[in-house]
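Presented below is the structure to which this report refers.
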Amino acid sequence: MIELKKITQDLIREYFKDFESDSDIYMDMSKFSEYRYDEEKVNAYFERISADTTRKAFIITEAGRPIGEICIKHINTAEKRGELSVHLQNDRCKNKGYGTLAERLMLQYAFGDLGLETVFADAVLKNKRSQHVLEKVGFEFIKEEGIFRYYKISKERFEMLESLRNIDIRVKTNRLTIRKTAADDWRDIREIWIDFSKSPYAQYDVPHSTNEEDVKQRIARWAQANNNVEHQFFSILLGEKVIGYAAFNARENGYEIGYAFNSAYHGNGYAKESLSALIKQFKEHGVRTFFAGTAINNTPSVHLLSALGFKNVGTEKVSFYKDENGEPIFFDGGIFELKF
């Protein structure tokens, strides 16, 4: 069981006795050196962070044993913001989900007890593990600068994502079954993509490979992504047949939706029926804003979004293809939004 305990001198000493330097945080390996425990330095470190009024620090424990250090630092109470920092004791503590759980607990504390509205974080470019954990928790990438990638997460976004964790969304409407996409759905989804490639509206979307192996691998990744809440994929079934799918991708304080349906089933209201049901489920778990993008010239898609209650709030120039001279072919993409 992962817990956060207020740092004490005994805990910080125990933590550092088994600490090992992490080479992943060194872009310049000439600066890397093995860690050697020095109780005098540990005590001085404890005194320094204890005196820092802009930092709230904890020891991460697993079954009571210290395995990491985590804090919110650079706390600005006026602007209601702070910065997350986390270090695990050694490689034996990594790849077990401890960091993810600790970060979620720390964000609960930051947004609840501390009353913050925004938390920032950063990760060294080569530290892919740290980047993955931040994104898994729900942090959004801001920019890459120097040797770091920078992230942030808002209170609203964190609470929205937390409300959706471990929720197995499965919906039955009058005619349809909607469930999370499974790896075995690849055949029907491949059929949807082959069908769509023949549509005049295919020019307004990213091209999909219809190679069997490519589709198998991609849908397997969708099924795996469904273990988290940042990207969720749903298959829409009529009987046992997958006739369409929907993707819900987390954005700042909301979700962006995407969808596709086999044209053999168009004109029956299946898209509106299924997407309305999914939006209702997400809304019941605290999501208040939905986004979507479609070409202004894609009349059926524009009509569908309007029927769902989306409003066109802007346009942008979009290109997925190039002409014979290698120049991008642009079209007007509509930006749609639904707010509750």
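Points to keep in mind about this one:
- Matching the structure-derived Rg and Dmax of the Cα atoms in Å against the labelled list (1) 23.8, 75; (2) 23.0, 74; (3) 21.3, 67 gives the label (1).
- Applied to segment 46-57, the Karplus parametrisation 6.51 cos²θ - 1.76 cosθ + 1.60 on θ = phi - 60° returns per-residue 3J(HN,Hα) values of 4, 4, 5, 6, 5, 8, 7, 6, 9, 9, 10, 10 Hz, with x for Gly and Pro.
- With R₀ set to 35 Å, the beta-carbon distance separating residue 251 from residue 114 gives a calculated FRET efficiency near 0.90.
- Fewest-first ranking of 141, 233, 19, using other Cβ atoms within 10 Å as the exposure measure: 141, 19, 233
- Taking each DSSP H run with n ≥ 4 as -39500 (n - 2.57) and averaging over every residue of the chain yields -10000 deg cm²/dmol at 222 nm.
- Using C-alpha pairs under 8 Å with a sequence gap of at least 6, the mean separation divided by the residue count of the chain gives a relative contact order of 11 percent.
- Sorted by Cβ neighbour density within 10 Å, fewest at the top, the residues 168, 214: 168, 214
- FRET efficiency, 1/(1 + (r/R0)^6) with R0 30 Å, evaluated for residue 3 and residue 33 via beta carbons: 0.45
- Once the Cβ-Cβ distance of residue 91 and residue 264 is raised to the sixth power relative to R0 = 56 Å, the FRET efficiency obtained is 0.60.
- Acute angle (nearest 10 degrees) that the helix 155-164 long axis makes with the longest principal axis of the chain, alpha-carbon atoms: 70
- Subset of 80/180; 41/155; 6/136 violating a 29 Å alpha-carbon distance limit: 80/180; 41/155
- Counting beta carbons within 10 Å around each of 198, 56 and listing the fewest first gives the order 198, 56.
- Cα gyration tensor, segment 1-110 - rounded (a/c under 1.5), prolate or oblate: rounded
Readers should treat all values here as calculations from the given coordinates under stated rules, not as data from a laboratory. Because the structure is predicted, anything quoted here is derived from the model rather than measured. Reconstructed Cβ throughout: ideal geometry from the backbone, glycine too, with neighbour counts over all protein chains shown.
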